[in-house]
């Protein structure tokens, strides 16, 4: 769970610096608007909604919900045309809310050490509506100031100049956070050493999974062998090389002994498609840190060339 990873990284309430965006600015109707001190209101969490894995093409597709994403900061607006008549300067607070943010992720998988990691990430964000709240100090006749507020609603983040100015850095930040979490989750979920040494809860789940594999082991092995035979018979494009063989033998006739040598160059193996399972799969655990799977396979007609 991405959420659990984010919670674990808080380290018992340790102060976490907010995720910040760089300052930016834009022009609208001869008015320059500067946005600064922008930050996410809370650390984003990624709740898994859908997951599909294709080991044949080594790709992983998933969908995560971020819920509502809020960005807050300060703004200052300056209208050059009006300033020629009367000094006009506005400063205030801005809050941008994107509801029901969804991240669609597709990555390639590679095996590093004993765990999967991802390459070529493709991440696309979608959301429902965008709400912008502006507040600024308004002078009162009786003296002092009171904050006035206004709201704007849009269907897409790029529909309003103000939100469009922060869309690129916001999406870049969310992509970076998601990739960091995904890399950590993949390692925790697929690394045997990580399970054995660092995660007791996953170790318990792994132990339960092993018992299930023992029950379905025959079916798993048979399906693997069927795929191997199909590959070897139909689409094998690589020669299964055999290293050079060197053997010394002795033959005795009467009282005479003869010593001979048998040597070959690099060869190849044929008829591996005749592999069959001749025993049931069994699982043993000599100790909690070691799991062994046993099955006997037979090559009916092995040929070496």
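Before moving on, here are some points about what is shown:
- By the beta-carbon count within 10 Å of each Cβ, the least crowded to most crowded order of 93, 181, fewest first, is 93, 181.
- The value of relative contact order for the chain, using C-alpha pairs under 8 Å at least six residues apart, is 11 percent.
- The stretch 257-305 and the stretch 104-149: distance between their alpha carbon centers, rounded to Å: 56
- Calculated FRET value between residue 220 and residue 42, using beta carbons and R₀ = 51 Å, to 0.05: 0.70
- Between 0 and 90 degrees, the angle of helix 200-230 with respect to the longest Cα principal axis of the chain falls at about 60 degrees.
- Fully extending the segment from residue 24 to residue 156, taken as 0.36 nm per residue of separation minus the present Cα-Cα distance, adds 45.6 nm.
- Sorted by Cβ density within 10 Å, fewest first, the residues 249, 116: 249, 116
- The chain, helix-only ellipticity at 222 nm - DSSP H runs n ≥ 4, -39,500 (n - 2.57), divided by all residues, nearest 500: -8500 deg cm²/dmol
- On Cα atoms only, tilt of 161-190 relative to the major axis of the chain in degrees: 30
- The label point for residue 305 and the one for residue 189, both projected 7 Å from the Cα toward the Cβ, are 4.4 nm apart.
- Rounded, prolate or oblate (a/c below 1.5 giving rounded, otherwise prolate when a/b exceeds b/c) for the stretch 104-162 by Cα gyration tensor: prolate
No value in this document is a laboratory result; all are computed from the given coordinates. Since the model is a prediction, treat every value here as computed from it, not as a measurement. As a convention, Cβ positions derive from the backbone with ideal geometry for all residues, glycine included, and neighbour counts pool all protein chains shown.
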